[in-house]
Amino acid sequence: MDQKHPVIYYVRRYHKAFSLGLFVLLITNALDAIYPLYIKQGIDQVTRLGSTQDLTWTALKLLGIMSLLAITRYFWRSIFGQYHTQVAEDVRNRLFQHLLKMGPQFYQKYTVGELMSLIINDVQAFRQGIGQGLLILFDGVSILFLVIPLMLYLNWKWTLWCLILFPLVPLLIYKVNRLIHARFKKQQDQLSEISGFIQELIGGIKVVKSFAKEDLKLKQFNLKSKELENISNQVSLVDALFIPVMQFGVASGTVVLLFVAADDIVLGIATIGSLVAFQRFISKLTWPMTALGLGLSQYQKGMAAYERIKEVLQSQSEITDHSMNPID
């Protein structure tokens, strides 16, 4: 396998599903970004007592956009799903083939439970990071690049005031994701340790019962389980920061909008339709802010899981065979 970053490698390997899914996603977000403009047009036609024919035509166009939006949303999710399913299958097969080549020394270092956790849990975490994590990131970033220009077009003054807290978001994302990467790796390590402990216990249950060691093993398991609980809680505490932090910066824009738009509406500089459409645009920015956090969170978890996968793939067997190399 080429010595590339896992994301670069798999995007190139399964470029058809990835590119097509991304293309349909961009169409979806473009449709989602423009429909508030038709809401604005319809409201303005009502408030200005426009003709029924014009209002009907605007409503039909809005209905058409929303129908196309439903169709494209279905297709980009299904197409992108094929991409990260193929990634998971490839990594799982590579791991299994690598395990078949390894000698006794390797299996003295890793327990069966640890390897099972690697193939099941870590591959799934990597799949979510390289699939759903990247998908959420692309989704959020594309919405930002589509919605913010439309906001500037609608009213540049409102846009600048409503996005005043926006520069703080990347800094918060960076700090939180560093914590997630470190804590999630600890969580996966502890999960593997418990899996190995359970496998060894079940495999040697006759010996445990013969020496009446049930209470000792139960105590050991409870300690390991408690440690996993504590580490998992640490990951959850950091994860829980994303949504409130991201949504606060954007939600505050609605409050700012009410103050900065009031005079323009009263003076007739802007219409009620513009106010409603602009508030819709602000609401749409809630997801990109959340998506940046969630996407990077899942991506960091996926990369942490890959570090464990990579460690196993880099293990050398007593029988030298370079046909299988780690992704990175």
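Summary of values
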quantity	calculated
Residue check, residue 228 at pLDDT 80 or above, within 37 Å of the chain's Cα centre (by Cα) and open to solvent by 90 Å² or more (accessible area, probe 1.4 Å)	no
Selection status of residue 62, of a type in the set (A, V, I, L, M), closer than 21 Å to residue 143 by Cβ and buried (at least 19 other Cβ atoms within 10 Å of the Cβ)	no
Residues satisfying the stated conditions in region 65-93, i.e. open to solvent by 20 Å² or more (accessible area, probe 1.4 Å) and charged (D, E, K, R)	73, 77, 89, 92
Selection within region 120-166 - acidic (Asp, Glu) and either open to solvent by 20 Å² or more (accessible area, probe 1.4 Å) or under 26 Å from residue 73 (Cβ atoms) (or both)	139
Unmet requirement for residue 49, which otherwise passes all of (1) open to solvent by 80 Å² or more (accessible area, probe 1.4 Å); (2) assigned to a helix (DSSP H, G or I)	(2)
Contacts under 9 angstrom Cβ, first residue in region 307-325 being modelled with pLDDT under 70, partner part of a loop (DSSP other than H, G, I, E, B) and open to solvent by 30 Å² or more (accessible area, probe 1.4 Å), 6 or more apart	324/1; 325/1; 325/2; 325/3; 325/314
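The values are calculated or read from the model by the stated rules, or taken from the named source; none is laboratory data. Owing to the predicted nature of the structure, the values given are computational and were not obtained by experimental measurement. As a convention, Cβ positions derive from the backbone with ideal geometry for all residues, glycine included, and neighbour counts pool all protein chains shown. SASA here: full protein model, heavy atoms, side chains in, ligands and nucleic acids out. Shrake-Rupley method; radii C 1.70, N 1.55, O 1.52, S 1.80 Å.
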